[in-house]
Amino acid sequence: MRKRKGPLYLQIKETIKDRILHGVYPLYTTIPSEPQLEEEFSVSKITIRNAIKELVTEGYLETASGRGTKVIANTPSPRLAKGKRFTEWLVDEGHKLEKRIISIAPCKVDPSSFLFGSLGSTCLQVKRLYLLDEAPYIYFIHYIKVDEQTLLNVPQTITSLYRFMDEAGIHLEAFKDEFSVAIPPEEVSAMLELSDQSPLLKRIRWSTDEKAQLVEYSEGYYMTDKQHYVVTYNDL
């Protein structure tokens with residue numbers, strides 16, 4: 001926890017919420033006790049209580065005297081569509097989903113790259129690994145358009161990529177996804193612990209802002225032999 005990133009109780013709240021959304025704290029189970037959380041985050045009792053109070057207010061947790069604090073919701077409010085996001089679906093199906101930030105760093109954009117005109121000569125590159133039931137499952141590489149100040153003050157880690165983008169003033173308005181089957185690069189194969197060069201499902205995402213300008217481009221590789229990619233819709 002770092003004070004320059006805002007009040008400690010809000011940072012802890014976001015960390016606990018992230019664990020709820022990704023199945024680390026499953027629905028209808030009890031989260032660690034206040035003393036356990038105090039020890040984990042090295043903060044006071046009041047800081048933990050304020051974090052939990054926020055999550056109770058948002059409808060994620062329920063407290064009961066003598067029975068601990070229970071998870072009562074694990075789905076965020078829908079933002080872009082009524083359909084359930086794939087990661088939400090995985091958690092609802094009982095899977096444990098964990099995400100790890102592998103690296104966050106400025107990245108030079110090749111002038112011959114199709115990204116140069118949209119993201120500029122330097123962007124922020126973020127690499128993420130998703131684990132499904134503790135096994136490597138998805139590997140993402142993101143290229144994000146950020147201002148010079150953000151490039152000079154790149155955080156060592158983040159709890160949520162899209163929350164970080166929002167705080168950096170990058171507001172996403174629309175997504176376009178493209179799917180194909182591709183042989184993963186060596187870096188991806190290593191992170192996903194592949195034993196051969198079998199093709200994987202590849203998802204390319206183009207994210208644009210309110211001016212329809214590209215602000216994020218990402219490539220994700222999915223090990224669909226572990227779990228198919230699923231899209232759900234509420235209304236047709």
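Determine which aspartates and glutamates satisfy two conditions relative to Lys13: a Cα distance under 12 Å, and not lying fewer than 8 residues away in the same chain.
Cross-link targets: Glu54, Glu58.
Would you mind checking which residues have amide H under 5 Å from Ile102's amide H? H placed 1.01 Å from N; only 5 or more apart, or other chain.
Lys127, Arg128, Leu129
Give, rounded to the nearest 20 debye, the magnitude of the charge dipole that the chain has about its Cα centre when Lys and Arg contribute +1 at Cβ and Asp and Glu contribute -1 at Cβ.
The calculation lands at about 600 debye.
If I take the Cα coordinates of the chain and project them onto the principal axes, what are the three extents in Å, biggest first?
Over the chain, Cα extents along the principal axes are 61, 41, 40 Å.
Beyond 18 Å between alpha-carbons counts as too far, so tell me which of Lys99/Lys145; Lys145/Lys202; Lys176/Lys202; Lys45/Lys96 fall in that bin. Walk me through the numbers before you get to the answer.
Values: Lys99/Lys145 22 Å; Lys145/Lys202 22 Å; Lys176/Lys202 14 Å; Lys45/Lys96 28 Å.
Distance filter (> 18 Å) returns Lys99/Lys145; Lys145/Lys202; Lys45/Lys96.
In whole angstrom, note down how far apart the Cα centers of region 83-127 and region 191-230 are.
9
Can you run phi through the Karplus equation (6.51, -1.76, 1.60; θ = phi - 60°) for region 91-106 and list ³J(HN,Hα) in whole Hz, with x for Gly and Pro?
5, 4, 7, x, 7, 9, 10, 10, 10, 10, 7, 7, 7, 9, 7, x
Under a crude label model (7 Å from the Cα following the beta-carbon direction), how far is Arg100 from Thr75 in nanometres?
3.0
Each residue of region 122-132 in order: what ³J(HN,Hα) in whole Hz does its phi give by Karplus 6.51 cos²θ - 1.76 cosθ + 1.60, θ = phi - 60°, with x for Gly and Pro?
The phi angles translate into 9, 10, 9, 9, 10, 10, 10, 10, 9, 10, 10 Hz.
Normalised by the number of residues in the chain, what is the relative contact order in percent for Cα pairs under 8 Å and 6+ residues apart?
Reported relative contact order: 17 percent.
What ³J(HN,Hα) values, in whole Hz, does the Karplus curve 6.51 cos²θ - 1.76 cosθ + 1.60 give for region 215-232 when θ = phi - 60°, with x put for Gly and Pro?
In residue order, the calculated couplings are 10, 8, 10, 9, 10, x, 10, 10, 8, 6, 6, 7, 6, 5, 6, 10, 10, 10 Hz.
Over the Cα atoms of region 141-236, what radius of gyration and what Dmax do you get, in Å?
15.9, 45
Take peptides 171-180, 127-136 and line them up by average Cβ neighbours within 10 Å, highest first, as a rough protection proxy.
127-136, 171-180
If amide hydrogens are placed 1.01 Å from N in the peptide plane, which non-local residues have theirs closer than 5 Å to the one on Val109?
It is Thr122, Cys123, by chain and number.
Computed on alpha carbon atoms, what radius of gyration and Dmax characterise region 45-164, expressed in Å?
Here Rg and the maximum Cα pair distance are 18.6, 63 Å.
Any idea how far apart Glu167 and Arg67 come out in nm if each label point goes 7 Å out from Cα toward Cβ?
Result for the modelled spin labels: 3.4 nm.
Every number here is computed from the coordinates shown, using simple stated rules; none is lab data. These numbers were taken from a predicted model, which means no experiment stands behind them. Note that each Cβ is placed from the backbone with ideal geometry, even for glycine, and that neighbours are counted across all protein chains shown.
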